[in-house]
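Presented below is the structure to which this report refers.
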Amino acid sequence: MSNASSIRCLITAGPTREFIDPVRFLSNPSTGKMGFALAEAAVEAGWTVDLVAGPVHLEEPDGVILYPVVTAEEMFHQVDALFDVCDILIMTAAVSDFRPVEQHAEKGKKGAASMTVEFERTVDILKTMSARKAHQTLVGFAAETTEVERYARGKLEAKNLDWIVANKVGASGTGFAADTNEVLLIAADGSSLKIGPDTKTAIAQELIELVTPTQ
Ligand code: CTP
């Protein structure tokens, strides 16, 4: 195992916001709790932690370097800038997959009885980093409401990851906003391990131990 103090970790957390106009946006219910818990656990493990966070209402964990971002595009640029120096990237962020094609400079008026907004895909941050991975360990999160393990395994393969954390969302006591969670950690070799149900803090500590890069 590598010397813990030499491990530099890049963690993303929280949602992103994709603005239609200055007062309206597309987002999701991610609170960032799992990502912040992982950042704290990584600091406790002696790692250097860069934490790129979308809009969240959480206290900045002691010992991390925090990079606040808002949109998927901003998160991408921040991750892009920090990726080469990290040993492990853990993407817990619930990145919006779409953003409005047009962002209006002024607040729109309701006018018509209905409105149509055209959306375009945002960049897949994890997939883009994976394509240029050198020595980095890559950990993805798969938040699913159904067929959790099957979809997570698909993402592990499609994004060429070392690990994926499969997380059922929508059920009570797991996923978004909750303080507790239950996850399935799946490795690139196909093996898997159920972790929890437990607090996000305890799950984070176990995850950090299990995904520690060997250098
Ligand atoms: N992810 C990312 N960039 C995006 C979307 C997702 O880096 N634009 C990352 C997430 O942070 C997560 C992993 O990819 O670690 C899987 O995200 P998820 O939203 O579950 O899957 P998607 O690839 O977006 O697929 P789908 O929405 O079809 O389930």
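The values are calculated or read from the model by the stated rules, or taken from the named source; none is laboratory data. Fair warning: this is a prediction, and the values are worked out from it, not measured in the lab. For neighbour counting, all protein chains shown are included, and Cβ atoms are generated from backbone atoms with ideal geometry for every residue, glycine included. Ligands, DNA and RNA are stripped out before the accessible areas are found, and what is left, the full protein with its side chains, is counted by its heavy atoms. Shrake-Rupley method; radii C 1.70, N 1.55, O 1.52, S 1.80 Å.
For the range 57-126, taking Cα atoms only, what is the radius of gyration to one decimal and the Dmax to the nearest whole Å?
16.5, 52
Percent of Cα-Cα pairs per 10 Å bin, from 0 to the last occupied bin, for the range 67-108, please list those.
The distribution over the range 67-108 is 21, 47, 22, 9, 1, given as percents.
Under the Kirkwood approximation for Rh and a Cα-based Rg, what ratio Rg/Rh is obtained for the range 1-78?
Details: Rg = 13.8 Å, Rh = 13.2 Å.
Ratio of gyration radius to Kirkwood radius for the range 1-78: 1.05.
What span do the alpha-carbon atoms of the range 36-94 cover on each of the three principal axes, reported in whole Å from largest to smallest?
For the range 36-94, the Cα extents along the three principal axes come out at 30, 29, 16 Å.
Of 186, 137, 61, which is farthest towards the positive pole of the chain's charge dipole, taken about the Cα centre with +1 and -1 on the beta-carbons of Lys, Arg and Asp, Glu respectively?
About the Cα centre, the residue reaching furthest to the positive side is 186.
Determine the share of the range 1-62's accessible area contributed by carbon and sulfur atoms, expressed in whole percent, with a 1.4 angstrom probe.
Answer for the range 1-62: carbon and sulfur cover 51 percent of the accessible area.
If the only charges are +1 at each Lys and Arg Cβ and -1 at each Asp and Glu Cβ, what is the size of the charge dipole of the range 1-156 around the Cα centre, to the nearest 20 debye? Could the numbers behind the result be given before it?
Values: 15 positive and 22 negative charges, 79 e Å.
Computed charge dipole of the range 1-156: roughly 380 debye.
If you bin every alpha carbon distance in the range 122-201 into 10 Å steps from zero, what whole percent lands in each bin?
Computed distribution, short to long bins: 19, 47, 30, 4.
Rolling a 1.4 angstrom probe over the protein heavy atoms, how many square angstrom per residue are accessible across the range 103-188?
60 Å²
In the chain, how does Rg compare with the Kirkwood Rh, expressed as the Rg/Rh ratio over alpha carbon atoms?
My calculation puts Rg/Rh at 0.98.
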